1. Could you list, ordered by first residue, the pairs with Cβ atoms under 8 Å in which the first is in the stretch 342-355 and within 16 Å of residue 407 (Cβ to Cβ) and the second is of a type in the set (Gly, Ala, Ser) and not in a loop (DSSP other than H, G, I, E, B), at least 6 apart or interchain?
2. Could you tell me how many of the residues in the stretch 171-215 are among the acidic types (Asp, Glu) and part of a loop (DSSP other than H, G, I, E, B)?
3. When the stretch 303-314 is examined, which residues are found to be more than 20 Å from residue 405 (Cβ to Cβ) and either polar (S, T, N, Q) or touching a helix residue (DSSP H, G or I) at 6+ places or on another chain (Cβ under 7 Å) (or both)?
4. Could you go through the stretch 343-364 and let me know if any residue there is in contact with a Ser or Thr (Cβ under 8 Å, 6 or more places away or on another chain), part of a loop (DSSP other than H, G, I, E, B) and within 23 Å of residue 171 (Cβ to Cβ).
5. Do you know which of the residues in the stretch 439-478 that are surrounded by fewer than 18 Cβ atoms within 10 Å (Cβ to Cβ) and in contact with a helix residue (DSSP H, G or I) (Cβ under 8 Å, 6 or more places away or on another chain) is nearest to residue 265 (Cα to Cα)?
6. Give me the residue from the stretch 378-392 that is free of Cβ contacts under 8 Å to residues at least 40 places away in the same chain and assigned to a strand (DSSP E or B) and, out of that set, farthest from residue 354 (Cα to Cα).
7. If we keep just the residues of the stretch 372-415 that are closer than 23 Å to residue 219 by Cα and open to solvent by less than 10 Å² (accessible area, probe 1.4 Å), which is modelled with the lowest pLDDT?
Amino acid sequence: MIRAPAPLPLVHETVLHMLLDAARLNPDGLALVCGADALSYREYAACVNGLAQELMALGAAGGRVCLLMGNSVDIAIATFGVQAAGAQVAPLNPAYTAHELRPILKSAAPVALIHDAGLDATILALFDELAIPHRLAVGEGRRRLTEWRGRAFDPPMPLPEPDTLSTLQYTGGTTGAPKGVDLSHRAVAVNVAQREALLPTEPEREKILAITPLYHVYAVSMGLYLAANCRGTLIILPRYQPELVLDVIGSERITLLSGSPTIYTGLMASERFATADLSSLRLCFSGTSALSAETLRRWEEATGCPICEGYGQSEAGPVLTFNPRHGVRKIASVGIPVPQTEIEIVDAEQGTQVLPPGEAGEIRARGPQLMQGYRGLPKESAEALRGGWLYTGDIGTLDEDGYLFIRDRKKDMVIVSGFNVYPREVEEAFHAHPAVLEAAVVGRPDAYRGEALVGFVVARQSPDASADQLRAHLAERLTRYKIPHEIRIVAALPKTTVGKIDKKRLREWAQSEG
């Protein structure tokens, strides 16, 4: 067992206290920029307060508010505004289909939805079907959450209690049903300070580029909260475009870049990379999936800027480990535990025997940033949280110095471009097609995406069972990154001696030519 020795820097009671501190200490500092939108910290806090007052008037306190929003100044205001209202913020992927949203919204039972105006067609039917009390459409041609930017703090911004619920972060379920991770305000706030201990920032000097989706736990932690904590400027790009990213790094003099292996690979593949001005970069972060040693080496050689790789998951607030900014960075490692966090490697069968350095087993973690459990799922919560430990489902090793190395996943999960995909959900979507007799989905290594999905289908005698027809069927039910990169129609699926589909054999097939 390794316990992080580093002390914690300032811990705010909640991230709302953190934002108010930024507005008090750096009121005229530039907080948010997205295209033509720009807000100072004073204006940012005023907008958060204005939205909070409106949501409280709708009865949101103590309930949940779901966000279905792309990257914008509005989603930043909404994230803080929901929490200031005493409600639990539940950020969701705005690209989800109605089929994907229905079980999540049933689980969350939100008091209100805040969504981009362009999603009206998807939202309206679900809004009526699920009897959601309120919705706020935001964006072009509708209202903007910047409308309070010039308002005074009257009444003052409400501040939640640290032990109340802050965030409901939905993550894929092994049974195909998404699970909502309940995080308290204390857990979220302490995790900001834990990250700061290993990756210290310079107050009021950082310019952080947000290119990953701000509904994703990684972007919220390593972008939205990070910027407010250091009172820096968060420059938000509506969508990831390699050439635009490279241009903005130079024009805005970006100092901190939070990315994923897919992003770093894509930037280096751009024709503009060789001539881009990246001299302002002081540090890059990588998370969501494993970064290859070759990608890291090429990036650092070309830019002179280090990448610190870390590890975490929604259930852990989300950050558990990071390679330190000042100290030893170990290539292929995800670093050391953040302060007040313990990491152990235990046997993967029972999870009770602590294994020595160098021996692979399941990673379990203990610390103040852990979730309270999965919303409405006591059995799954008890399985994940045992004896105060979070059993991550990931397989790893610790070296003699306490650095963690990810080796595999115990869970049947695939990470595509930084997004967790549980094959069961995709398999169920396949089975909804009348021409599908059997289906199985696995991941294979992919240089660009990290992993790519491969679907194997045994079809009934039907003219509607081509790969293209199945892909069109999936597109009606699943967001794009969950649709297999390759669909193979096969005569039969390999089975184990007890008749189960042999996923190990399928992974071998997936890495061979179809």
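1. What qualifies is 343/365; 344/365; 345/361; 345/396; 346/361; 347/361; 348/361; 355/361.
2. Count: 3.
3. The answer is 303, 314.
4. The answer is no; no qualifying residue exists.
5. 448
6. 385
7. 414
So that you can scan it fast, the table gives a plain yes or no per residue for (1) among the hydroxyl-bearing types (Ser, Thr, Tyr); (2) more than 21 Å from the chain's Cα centre (by Cα); (3) more than 27 Å from residue 298 (Cα to Cα):
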{"site": "192", "(1), (2), (3)": "no, no, yes"}
{"site": "204", "(1), (2), (3)": "no, yes, yes"}
{"site": "223", "(1), (2), (3)": "no, no, no"}
{"site": "231", "(1), (2), (3)": "no, yes, yes"}
{"site": "250", "(1), (2), (3)": "no, yes, no"}
{"site": "255", "(1), (2), (3)": "yes, yes, no"}
{"site": "260", "(1), (2), (3)": "yes, no, no"}
{"site": "263", "(1), (2), (3)": "no, no, no"}
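The values are calculated or read from the model by the stated rules, or taken from the named source; none is laboratory data. It should be emphasised that the depicted structure is a prediction, and the values quoted were computed from it without experimental measurement. Don't worry about glycine lacking a Cβ; one is built from the backbone with ideal geometry, like all the others, and counts go over all protein chains shown. Surface accessibility is based on the protein's heavy atoms, side chains included, excluding ligands, DNA and RNA. Shrake-Rupley method; radii C 1.70, N 1.55, O 1.52, S 1.80 Å.
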